[in-house]
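Here the structure is laid out as structure tokens; the discussion comes afterwards.
What follows draws every value from the coordinates through simple rules; no lab data is involved. Small disclaimer: the values here were computed from a predicted structure and weren't measured. Cβ: placed from backbone, ideal geometry, glycine included. Neighbour counts: every protein chain shown.
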Amino acid sequence: MRVAITGTTGRVGAALARHFSCEHEVIRLPRAEFDFSDPEAMSARLAGLDCEALLNPGGLTSLEACEDSPELARQLNVEAPARLAEWASRRGVKLVHFSTDYVFSGREPGLRVETETPEPLSVYGATKLAGEQAVLAHPGHLVVRVSWVFGPEKPSFVDSVLRDALAGKPLVAVADKWSLPTHTADLSRWIESLLIQGADGLFHACQSGEPASWHDLAELVVEELFRSGRLAERPEVRAQALADVAAFRAERPLFTAMSTKKLQLGLQESIRDWRDALREHVSESR
Ligand SMILES: NC(=O)c1ccc[n+]([C@@H]2O[C@H](COP(=O)([O-])OP(=O)(O)OC[C@H]3O[C@@H](n4cnc5c(N)ncnc54)[C@H](OP(=O)(O)O)[C@@H]3O)[C@@H](O)[C@H]2O)c1
């Protein structure tokens with residue numbers, strides 16, 4: 001399969017490019033060559049693009065940047081995917097667009113399912129939802145919601161905990177917000193399987209298990225470092241309230257753990273627990 005991928009300098013795009021390169025031909029479309037804020041340049045590149053699938057993890061992913069620049073957020077998270085979906089439909093290309101659990105208000109505990117009505121709380125969530133809708137308006141494409149993505153390609157929250165724990169720095173993590181994380185290696189395999197099966201529509205793609213807070217994730221990282229002998233003592237992770245994180249100006253939803261039931265049915269395989277995926281990530285991180 002010939003697969004074009006946007007956002008290949010990002011966490012998800014880099015993982016997809018690495019995974020798909022093993023068995024498929026990959027065309028990388030990083031921002032430097034395919035800038036979503038330049039529609040004319042995009043059209044020119046799309047005119048000469050020859051692929052069977054187009055994977056779109058690119059976009060404006062910082063919640064605070066979206067609050068500060070709502071017009072840019074619209075351009076990158078709504079207009080660009082709409083343009084890609086229109087082009088893909090016209091050319092008979094399968095589009096896989098990536099979205100987020102932050103489309104939900106997350107006011108109630110429990111697992112969010114694909115049929116639940118989204119109610120975003122932030123500019124980021126609202127623009128990601130509008131981007132999903134623009135893609136799904138064209139039949140045959142795939143929208144995949146991911147959450148708290150981690151993997152070897154680009155450091156995330158769990159890597160900052162790992163680094164600080166090994167450096168003996170104090171550890172603190174938010175304990176009153178829950179989700180389920182997504183491992184980039186697992187995600188890349190799921191996307192390949194969904195593509196091969198010809199799946200379409202909306203899928204939630206994260207690890208299985210009990211919903212976790214960032215504090216739960218941090219606790220597991222230090223537990224694994226201690227168990228494997230990389231830390232002589234197990235440091236305390238101080239619990240913090242979401243409301244006390246001064247850097248978070250955009251409102252974040254509290255309960256956005258997503259159900260993996262539809263994904264498991266679609267893949268005909270079970271999804272591993274976030275604890276197993278995170279333990280593997282920590283053991284492979286140096
Ligand atoms: N990471 C998470 O925890 C998480 C959680 C939920 C949902 N998601 C969703 O998953 C997808 C991928 O996220 P990610 O973690 O890979 O994000 P990321 O690491 O921030 O990567 C975003 C990518 O988009 C590119 N980009 C930014 N501005 C662009 C522009 N003007 N034109 C073209 N490309 C541009 C970036 O390029 P530069 O490197 O040049 O800036 C980067 O390659 C996104 O749709 C995001 O909403 C992620």
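When the charge dipole of the range 69-126 is built from unit charges on Cβ atoms (+1 for Lys and Arg, -1 for Asp and Glu) and taken about the Cα centre, the candidate among L76, S89, S122 whose Cα reaches farthest toward its positive end is S89.
Its alpha carbons considered, the chain gives a radius of gyration followed by a Dmax of 18.7, 59 Å. Footprinting exposure proxy ranking of C66, C51, C206, fewest other C-beta atoms within 10 angstrom first, gives C51, C66, C206. Most simply put, the chain has about 5% antiparallel DSSP beta bridges, counting only bridges with both residues inside it. Helix 274-284 axis versus longest C-alpha principal axis of the chain: approximately 80°, rounded to the nearest ten. Working from Cα pairs under 8 Å separated by at least six residues, relative contact order for the range 1-71 is 43 percent. Taken along its three principal axes, the alpha carbon spread of the range 149-209 comes to 48, 26, 16 Å, from the longest extent down to the shortest. Kindly express, to the nearest 10 degrees and within the range 0 to 90, the angle between helix 80-91's C-alpha long axis and the longest C-alpha principal axis of the chain. The helix 80-91 is inclined about 50 degrees to the chain.
Taking only the alpha carbons of the range 175-226, we obtain Rg and Dmax values of 14.3, 43 Å in that order.
For the range 83-213, the Kirkwood radius over C-alpha pairs fed into Stokes-Einstein at 20 °C and 1.002 mPa s yields D = 131 µm² per second. Can you give the angle from 0 to 90° between the axis of helix 157-166 and the longest principal axis of the chain, with both taken from C-alpha atoms, to the nearest 10? Roughly 30 degrees, rounded to the nearest 10. Rounded to the nearest 500, the 222 nm mean residue ellipticity of the chain from helices alone is -12000 deg cm²/dmol, with -39,500 (n - 2.57) taken per DSSP H run of at least 4 residues. Computed from label points 7 Å out along Cα-Cβ, the spacing between S193 and D273 is 1.9 nm. Ordered by the count of other Cβ atoms within 10 Å of each Cβ, fewest first, R11, R45, R275 give R45, R275, R11.
All C-alpha pair distances within the range 14-161, sorted into 5 Å bins from zero, spread as 2, 9, 17, 20, 21, 17, 9, 4, 1, 0 percent across the bins.
Would you work out the Kirkwood radius for the range 157-286? I mean one over the mean of 1/r across all pairs of different Cα atoms, in Å. Don't jump to the answer; show the numbers that get you there.
Working: mean 1/r = 0.0622 Å⁻¹.
Taking every pair of different Cα atoms in the range 157-286, averaging 1/r and inverting gives 16.1 Å.
Pairs of Cα atoms nearer than 8 Å and 6+ residues apart set the relative contact order; for the chain it is 20 percent.
Projected onto their three principal axes, the Cα atoms of the range 13-55 cover extents of 32, 19, 12 Å, largest first. Around the Cα centre of the chain, unit charges on the Cβ atoms of Lys, Arg, Asp and Glu (plus for the first two, minus for the last two) sum to a dipole of about 320 debye.
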